[in-house]
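Working notes, structure below.
The values are calculated or read from the model by the stated rules, or taken from the named source; none is laboratory data. Bear in mind that the values here come from a model prediction, so they are computed numbers and not experimental data. Quick reminder, even Gly has a Cβ in these numbers, built from the backbone with ideal geometry, and neighbours come from all protein chains shown.
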């Protein structure tokens, strides 16, 4: 009877881990849970009393931490075959809710790719919407030292002073591509860093 109680405790623990594995496909979730179950049972060596199961589980760590390590390792393993900016961003999105650094990497990636897209779109549209696309500076009207910048394509001519004119095309293309590349490289670095931390915490 006590052995049944120990196995029930293990199932409860695995259920909690399962709830934190939302970033993985169903097949990988099943594989991860099977590996954890096998690891615990190997650890106790056939003695599935609650005390032995509890001791083996304690060595693994909390369900959330175990899930973080496993999800991170499996996502980062994808770098061996996938390195496109879209895949890297998707991987960072999957890890954003698992750690503070994952959230930081996600926010930096959104800011970087968003800025790159704004520069590229402005440069591309400028020849066709001369007065609506560009980089403007506008004072608040009361203090000449307080000004705001606006970049992008507006639905009507902007009231501020345009800064770059035709130069927004080469500058926008150059900065957009550079920001996109830097953001992609930052994403690769972040995934590798999170992968190393996960292996260390295992």
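Before moving on, here are some points about what is shown:
- Within the stretch 91-108, tally of residues that are surrounded by 15 or more Cβ atoms within 10 Å (Cβ to Cβ) and within 8 Å of the chain's Cα centre (by Cα): 9
- All of 75, 88 fail the test of being assigned by TED's automatic domain parsing to the domain that holds residue 179, in contact with a helix residue (DSSP H, G or I) (Cβ under 9 Å, 6 or more places away or on another chain) and surrounded by 13 or more Cβ atoms within 10 Å (Cβ to Cβ), apart from 88.
- Any chance residue 67 is without any contact (Cβ under 8 Å) to a residue 60 or more places away in the chain, touching a strand residue (DSSP E or B) at 6+ places or on another chain (Cβ under 9 Å) and not assigned by TED's automatic domain parsing to the domain that holds residue 40: no
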